[in-house]
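J.: The structure that follows is given in the form of C-alpha cells.
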Amino acid sequence: MNITEIIKYSIDLIAVLLLALGIKGLSKVRSAREANRLAALAMALAVAGVFVDFLGGLGIPFNSWLWILLGISVGSSLGALTAQRVPMTSMPETVALFNGCGGMSSLLVAIGVALFPLSDQSNAFTNQIVQEVSIAVSIFVGAITFTGSIVAMAKLQGWLSTPEWTQNKVRHFFNISFAALCLIASFNFLIGGSSSIWLLVIGSGLLGIGVSLPIGGADMPVVISLLNSYSGVAAAAAGFVVGSQLLIVAGAMVGAAGLILTQVMCNGMNRSLTSVLFGGALGSSNSSESSSGEYTNITSCSVEECALTLEAAERVIIVPGYGLAVAQAQHTLREVTRVLEANQIEVSYAIHPVAGRMPGHMNVLLAEADVPYEQLKEMDVINPDFPATDVVLVLGANDVVNPQAKNDPSSPLYGMPVLDVQEARTVFVVKRGMSAGYSGIKNDLFDLANTSMVFGDAKKVLGDLLIELKELGIGANN
Ligand code: NAP
C-alpha cells in the first residue's frame, strides 16, 4: 500500500465513522443539529477522498478533475439554495426530490460503467460477475427511486393527482409486466447483451411510476422514506460497480436507516407497508366515507376565556400539529410558553411520531423557536401525564389526538397510537374551523364536554393569547 492509498483509506474510514455517528445523533432532538453537521462533514471528506485518489492517479484520470469540480459546484449551489428557500411545510417534497437525485446518480454511474467499463485496477475488489449484477441492481433500484420520487414530489406539490384508473386492480397487471420486463432485461444483460440496459432503465422507470402513482397523499411520506432507503441500496450497488468501499458502507447505512424509519412511520400511522404499497389511495377513499359524521356537542370559547383558564393552571401540555407548522406559529407559541413559565406554570410539549407531514417535523420547528429539548416529550412518555394535567392546548393537530383511534373499531384510524389529551381536565383545540385532518375523518375529541374550540389561525390565536395573558399580568416580570 503506498502513501496515497493510506491517506485515502484513512479519510474514507473517518468519513464512514462520522456518517455513522451523524445518523445515530439524528435519533435524538438534542444532538440532531450537531449530527447533521457531522454527516455533512463526512460527505465533504468523502469528496476529499476522491481527490486524493485522483491526485495519486489510482483510478480517476487526471483530465476528469474539471468535471468533478463542475459537479461539486453545481450540486453544492443547488443544495444550498434549495435548503435556504424551501419552507418547512414543503420538506417532504424536498426530501423526495433529493432521494430522486440520489437514485439518478446511481443509475447514471451504473449506465456509465456498463457502456465504458472501468480498468481492472480501479475495481480490484469486485470480480466481473459481481460488477455486472451490481450494475443491474443499481440501474433497477436507481431508476425506480428516481421516477418514484419524482411522482411523489409532484403529488405532494399538487402538480399530479391520483388518476382514477390507478385505483383499479388492473394496475397490478401493469406493475407485474414492468417487473417481468426488468427481470428479462437484467438476465439478457448478464449473458452479454449490454444494449438491454436501456430496456432495464425503461422497465424500472415505469415500475417506479406504476408503484407510486396510485398511493394516496396520506401515505406519501411513508413512500418517500422507503424511497430514501432505496436510494441507499442503489448507492451501495453503485459502490460495487465502481469499487468504492465508502459508497457501499454509506449506501448500506442509508438503506438500513430509511427502512427503520419506514417501519416507525407505518407503526405511527397504524398501516402495514404492504397496504401502503399495494393498497392504493386508501387514506383518501376512507376519508370521504367517514367524514360524514356530524358533530353534536361543540363548545367554542374566546381567547380571553382560554387565557383565564391558563392563568389558573399549574400544568400545561402543548400538542403541536400540522396546522401550527402551516401557520408558522412556533415563535409566537414560544413567547406564550415563556410567559406561562414565568408564572411558575409547568409546560411540556407532546410530540406524536407523525405530527406534521414528516418524521421530526415538529422537533425541527420547535428547536427553531428555541424550545428547550427537555420539554419535548415523546408520546409514550407523556401519555401517562395527561390525567394530572390542567390544560392541554392542541394547536393545529387533529388526527394525532383523535380518541376514535382507541375507541372505535370501525374507524380507519383504529389502532393508530394517539395522544390521550381527553384525559386532561380541560382541552383547548385551536384550529380555523371544523375541517377534518389528514385522514379526513371526524374527531370525537371535539364533541367531549371538557373540550373547547378556539377558532382561528394558530398564529393569530397565539398572538391574541399572548396579549390577553400579559393583560392579566401573567409573566409581568418576563
Ligand atoms: P392533521 O390531522 O392533518 O390536522 C391538521 C389540522 O390543522 C387540520 O384539522 C386543520 O383544521 C388545522 N389547521 C390547518 N391550518 C391551520 C392554521 N393555519 N391554524 C390553525 N389550524 C390549522 O395534523 P396532525 O394531527 O398533525 O396529524 C398529522 C397527520 O399527517 C396524521 O394523519 C398522520 O398520519 C399524517 N402523516 C404524518 C406523517 C409524518 O411523518 N409526520 C407521515 C404521513 C402522514 P382547519 O382547517 O379547520 O384549521
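The values are calculated or read from the model by the stated rules, or taken from the named source; none is laboratory data. Small disclaimer: the values here were computed from a predicted structure and weren't measured. All Cβ positions, even for glycine, are placed from backbone atoms using ideal geometry, and neighbour counts span all protein chains on display. Please note that ligands, DNA and RNA were not included when accessible areas were found on the heavy atoms of the full protein model with its side chains. Shrake-Rupley method; radii C 1.70, N 1.55, O 1.52, S 1.80 Å.
J.: Quick one: helix 197-212 against the long Cα principal axis of the chain, what's the angle to the nearest 10°, folded into 0 to 90?
T.: Rounded to the nearest ten degrees, it is 10.
J.: Less than 15 Å apart at the alpha-carbon level, and either on another chain or at least 8 residues along: which aspartates and glutamates does that give for K442?
T.: Once the sequence-local aspartates and glutamates are set aside, what remains near K442 is E289, E294, D399, D408.
J.: Please compute the net charge surrounding M453, taking Lys and Arg as +1 and Asp and Glu as -1 over other residues with Cβ under 11 Å from its Cβ.
T.: +1
J.: Positive end of the charge dipole of the chain (Lys, Arg +1 and Asp, Glu -1 on Cβ, about the Cα centre): tell me which of M153, M88, P409 has its Cα farthest that way.
T.: Projecting each Cα onto the dipole axis, the largest value belongs to M153.
J.: Got a sec? What order do F189, F116 fall in by accessible area at 1.4 Å, biggest, i.e. largest, first?
T.: Per-residue accessible area, sorted high to low, gives F116, F189.
J.: At most 12 other Cβ atoms within 10 Å and a DSSP loop assignment: could you name the GluC sites (Glu not before Pro) in the range 310-388 that fit?
T.: Within the range 310-388, the qualifying GluC sites (Glu not before Pro) (loop, at most 12 other Cβ atoms within 10 Å) are E314.
J.: Ok, one more. Relative to the first principal axis of the alpha-carbon coordinates of the chain, what is the inclination of helix 220-242, with its axis defined by its Cα atoms, in degrees from 0 to 90 and to the nearest 10?
T.: Once rounded, one gets 20 degrees.
J.: Go through 162-168, 133-139 and give me the packing order, highest mean Cβ count within 10 Å leading.
T.: Packing order, densest peptide first, comes out as 133-139, 162-168.
J.: Ranked from the most accessible area to the least, with a 1.4 Å probe and all protein chains present, what is the order of Y438, Y349?
T.: My answer, sorted largest first, is Y438, Y349.
J.: At most 12 other Cβ atoms within 10 Å and a DSSP loop assignment: could you name the trypsin sites (Lys or Arg not before Pro) in the range 8-49 that fit?
T.: Within the range 8-49, the qualifying trypsin sites (Lys or Arg not before Pro) (loop, at most 12 other Cβ atoms within 10 Å) are K28.
J.: Can I ask one more? Pairing the Cα long axis of helix 170-190 with the longest principal axis of the chain, what angle in degrees results, from 0 to 90 and rounded to the nearest 10?
T.: 30
J.: Roll a 1.4 Å probe over the protein heavy atoms and report the accessible area of H172 in Å², nearest 10.
T.: We get 60 Å² for H172.
J.: Shape verdict for the range 83-180, please, from the Cα gyration tensor: rounded (a/c under 1.5), prolate (a/b greater than b/c) or oblate.
T.: Here the range 83-180 falls in the oblate category.
J.: For the chain, give the percent of accessible area contributed by carbon and sulfur heavy atoms, probe 1.4 Å, rounded to a whole number.
T.: Carbon plus sulfur share of accessible area: 63 percent.
J.: Report S161's accessible area, 1.4 Å probe, all protein chains in place, as a number in Å² to the nearest 10.
T.: About 90 Å², rounded to the nearest 10.
J.: For the charge dipole of the chain, defined by +1 on Lys and Arg C-beta atoms and -1 on Asp and Glu C-beta atoms about the Cα centroid, which residue among S204, V303, I351 has the Cα displaced farthest towards the positive pole?
T.: Of the options given, the answer is S204.
J.: Another question about this same structure. Would you mind counting up the charge near L227? Only other residues with Cβ under 13 Å from its Cβ, with Lys and Arg at +1 and Asp and Glu at -1.
T.: Once positives and negatives cancel, what remains is -1.
J.: Please give every one of the lysines within straight-line cross-link reach of K155, meaning a C-alpha to C-alpha distance under 22 Å, and leave out same-chain neighbours fewer than 8 residues apart.
T.: Straight-distance partners of K155: K169.
J.: How much accessible area per residue does the chain have, counting only protein heavy atoms and a probe of 1.4 Å, in square angstrom?
T.: 47
J.: Here is a further query. Could you compute how much accessible surface T309 exposes when probed at 1.4 Å, giving the result in Å² to the nearest 10?
T.: Roughly 50 Å² of T309 is accessible to a 1.4 Å probe.
J.: Can I ask one more? Past the 26 Å Cα-Cα mark, which pairs from K28/K431; K431/K470; K24/K377?
T.: Too far apart for the 26 Å limit: K28/K431.
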